Amino acid sequence: MEASKTTLGAWLSSAAPESPWQAWCGDAWRSWLLFRRNPLAMAGLAIMLALVVLAAIGPLIAPADPLAQSLGLRLSPPGANGYILGSDELGRDILSRLLYGARISLSIVLMVAVAVAPVGLAIGTIAGYFGGPVDTVLMRITDIFLSFPRLVLALALASALGPGIENAVIAIAITAWPPYARIARAETISIRNSDFIAASRLQGASPLRIIATQVAPLCASSVIVRVTLDMAGIMLTAAGLGFLGLGAQPPSPEWGAMVAAGRRFVFDQWWVAAMPGLAICAVSLGFNFLGDGLRDVLDPKSGS
């Protein structure tokens, strides 16, 4: 066993890889070694893995139906009447609602991230590569979106589209792409006159092919770091929309809606709002810690 570990470590750490696959695995291994030296990044990774696991198996381990009401046991404190984290104003188990709500919150964050990152990357790389009028038009559109506070614009769009998870995702996505476009544009401007780009042009590659195969992959790491850092903001925006009744609708166990429902009892039955609030806080911290760790690993300017 020790010999196999030594052999694998030597293969991953080889300074002269024999294949592209070995080179990729070696880079991934060195990135992991750098990442795991950051304790906060590891804490963020642990929180994210826990969120994914809970979202996947939440229905299997939830102690009760998240929609089942028991008015006779309403507002039970944590640990009383079999409620580990207490019950809400309708006697529903808060722990079960948190477990089911993890799936909703995670799906919103992932859908927004998957939607906005490619859009921002495409707009930024096209603007940075072509420059001139194309850059001016695309960046002025980006500036228009950036001129509005994100939450205010998301609230306006969600109000116009109507309440619901799908509309909340659309509203958040429309407001979230501009920073990725700005980052991708800056990265593209710094590399568009590089020798390897000129070589691709001389070989007859079209501008769109150069952007897709040469420019976008080099900008992807910065965009990925920004997406990870922005996931906390996306989570808070989604919770804010749910708090105001523009996200997931009752009786759906969405964390922001749960905080809104518990605000009437915050002084006497604090757990109704505090438990989902703590869940939102923990997950947001996890996203921030993970993003900081990925920035240290993926940022080519970090010098690590």
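The values are calculated or read from the model by the stated rules, or taken from the named source; none is laboratory data. Values in this document were obtained by computation on a predicted structure and should not be read as measured data. Note: ideal-geometry Cβ built from the backbone for every residue, glycine included; neighbour counts use all protein chains shown.
Of everything listed in (1) buried (at least 20 other Cβ atoms within 10 Å of the Cβ); (2) out of contact with any helix residue (DSSP H, G or I) (no Cβ under 7 Å at 6 or more places or on another chain); (3) of a type in the set (A, V, I, L, M), the single unmet condition for Leu278 is (1).
Against the condition buried (at least 16 other Cβ atoms within 10 Å of the Cβ), in contact with an Asp or Glu (Cβ under 8 Å, 6 or more places away or on another chain) and closer than 12 Å to Cys219 by Cα, how does Gly128 come out, does it pass? Criteria met by Gly128. Checked against (1) within 27 Å of Leu278 (Cα to Cα); (2) at pLDDT 90 or above, Arg36 passes all but a single condition, namely (2).
Being over 21 Å from the mean Cα position of the chain (by Cα) and buried (at least 19 other Cβ atoms within 10 Å of the Cβ) is the requirement here; does Ala239 meet it? Against the criterion (over 21 Å from the mean Cα position of the chain (by Cα) and buried (at least 19 other Cβ atoms within 10 Å of the Cβ)), Ala239 does not qualify. Any idea which of (1) surrounded by 12 or more Cβ atoms within 10 Å (Cβ to Cβ); (2) more than 26 Å from the chain's Cα centre (by Cα); (3) farther than 29 Å from Ile108 by Cβ is the one Ser19 doesn't satisfy? So Ser19 meets the others, but not (1).
Evaluating Ile211 against the criteria (1) closer than 30 Å to Gly128 by Cβ; (2) crowded, with 22+ Cβ neighbours inside 10 Å; (3) at pLDDT below 90 leaves one unmet condition, (3). Here Arg140, Arg185 are screened, and the one residue that is buried (at least 18 other Cβ atoms within 10 Å of the Cβ) and either basic (Lys, Arg) or out of contact with any Asp or Glu (no Cβ under 9 Å at 6 or more places or on another chain) (or both) is Arg185. Of all residues in the range 162-214, those satisfying the criterion of being of a type in the set (Lys, Arg) and assigned to a helix (DSSP H, G or I) are Arg182, Arg185, Arg201, Arg209. If I go through the range 26-56 residue by residue, how many of them are part of a helix (DSSP H, G or I) and surrounded by 13 or more Cβ atoms within 10 Å (Cβ to Cβ)? Final tally of qualifying residues: 20. Residues of the range 227-257 that are touching a Gly at 6+ places or on another chain (Cβ under 7 Å) and not in a loop (DSSP other than H, G, I, E, B): Thr228, Leu229, Ala238, Ala239, Gly240, Leu241, Gly242, Phe243, Trp255, Gly256, Ala257. Going by the conditions given, is Ile165 crowded, with 16+ Cβ neighbours inside 10 Å, under 21 Å from Gly233 (Cβ atoms), at pLDDT below 90 and under 21 Å from the mean Cα position of the chain (by Cα)? So Ile165 passes the test. Residues that are crowded, with 18+ Cβ neighbours inside 10 Å and in a helix (DSSP H, G or I) were ranked within the range 57-96; the one that is modelled with the lowest pLDDT is Gly58.
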